[in-house]
Ligand code: SF4
């Protein structure tokens, strides 16, 4: 008997409108980064282990139109097609899902954190047949088998939402709390690894990885703190790094954990193993400024870490307090200085439109950014999203769930929510964002340092494109 076929489609991921100006949003998707969808790659691995024949369709990196995707589906003839959803870009990907389905009607299954928040709103769109809430490792194979058998009995599938006889039905969610060490590594043999890129990468092929999931902290604006934190062992992580290097020819890895350096012992163990196993990869991580120290950063650099991303958010202690992010400014300053001393380049994330922020605190934040030993900054506008604490406050104070309205199809709801916590009107906040970027990147000393650091024509082109997006 032939294995049941299933297609997983990675659609182009739009950048939320409220966070950036249109020009920056375009640059982000055209230039900044096109990387694999790790959730789908993990699912692909889990499905293959269960005996399914999986086609990971990389519509984002390969710039495939709905017509291209439908043609690939006609060729592969899967039993169903699956997508991973993010709340902030749901309405941007929905037309593609509908267009593919119109050309080649197949059961459409969706999953992702979004489904845990807005399952019924998502199912209100007729182009989506099934939603999986929670862990897809077991629910998706169970659903696919039930569809293949045509039994119609879906009650045993965990966390399923679907339509039946005109009514929406849900089965109970019974997550086992599966550890990332119980599922296979992401199925990178199905991905077009050479097609991925990132404006700040140094080598290709590049891939993404997570060594821990969720976050133990609870910053008021963040939705990740709601996910139960789990950390993979150093041995499990290093085995995946080695597989990337030897089997897939990967030469750069971007760890997408929120706090890669939470356990210093694990960081040292990973660094030791990279060196002793002779793995020649460059890598970058994200973490918090209060979770690094000089010895750790030195060891990371010696093991190939060339870039570290740290959230700063504001240079005003009172604003940080209101964001429940009480890392002392001096600790932040020290962390960036240590990274530079260790030879690791840095990117600082800032956020504007925060509660308690005014003209004075914004000026203070811009000054603080320029005073850091930092190579790049990213400035986002605060966009309250579920299930963060700030978004709960928005709902409580307005009596509206803007993202639920958006998910049902009302795009203007997000504009109506606007930059809710900002004292500035939308156009003024846009001007602050632009000013922030310019005052950091247009300093003659900064421009000279950047140009001197360019090592290749490719690097120069990427930097020039990124710079063009600021003006
Ligand atoms: S902002 Fe970062 S540190 Fe804070 S809860 Fe989110 S992921 Fe964790």
Check your understanding: Would a scan of the range 312-329 turn up a residue that is within 25 Å of the chain's Cα centre (by Cα), within 16 Å of the ligand (Cβ to nearest atom) and part of a strand (DSSP E or B)?
Key -> yes
Exercise for review: Quick one: count up the residues across the range 74-87 that are part of a helix (DSSP H, G or I) and surrounded by fewer than 20 Cβ atoms within 10 Å (Cβ to Cβ).
Suggested key: 3
Exercise for review: Scan 130, 213, 196 and give me the residue that is within 17 Å of the chain's Cα centre (by Cα) and at pLDDT 95 or above.
Suggested key: 196
Exercise for review: Could you run through the range 226-254 and say how many residues are within 16 Å of the ligand (Cβ to nearest atom), free of Cβ contacts under 8 Å to residues at least 40 places away in the same chain and not in a loop (DSSP other than H, G, I, E, B)?
Suggested key: 1
Study note, to complete from the structure: With criteria (1) within 16 Å of the ligand (Cβ to nearest atom); (2) under 22 Å from residue 348 (Cβ atoms), residue 214 comes up short on (2)
Revision key, fill the gap. Within the range 168-182, restricting to residues that are modelled with pLDDT of 85 or more and under 17 Å from residue 132 (Cα atoms), the one that is surrounded by the fewest Cβ atoms within 10 Å (Cβ to Cβ) is 172
Review point. When the range 365-407 is examined, which residues are found to be part of a loop (DSSP other than H, G, I, E, B) and within 30 Å of residue 308 (Cβ to Cβ)?
Key: 372, 373, 374, 375, 382, 383, 384, 385, 386, 387, 388
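The values are calculated or read from the model by the stated rules, or taken from the named source; none is laboratory data. Since we're looking at a predicted model, the values are computed, not measured. Every residue, glycine as well, gets a Cβ built from its backbone with ideal geometry; the counts of neighbours run over all protein chains shown.
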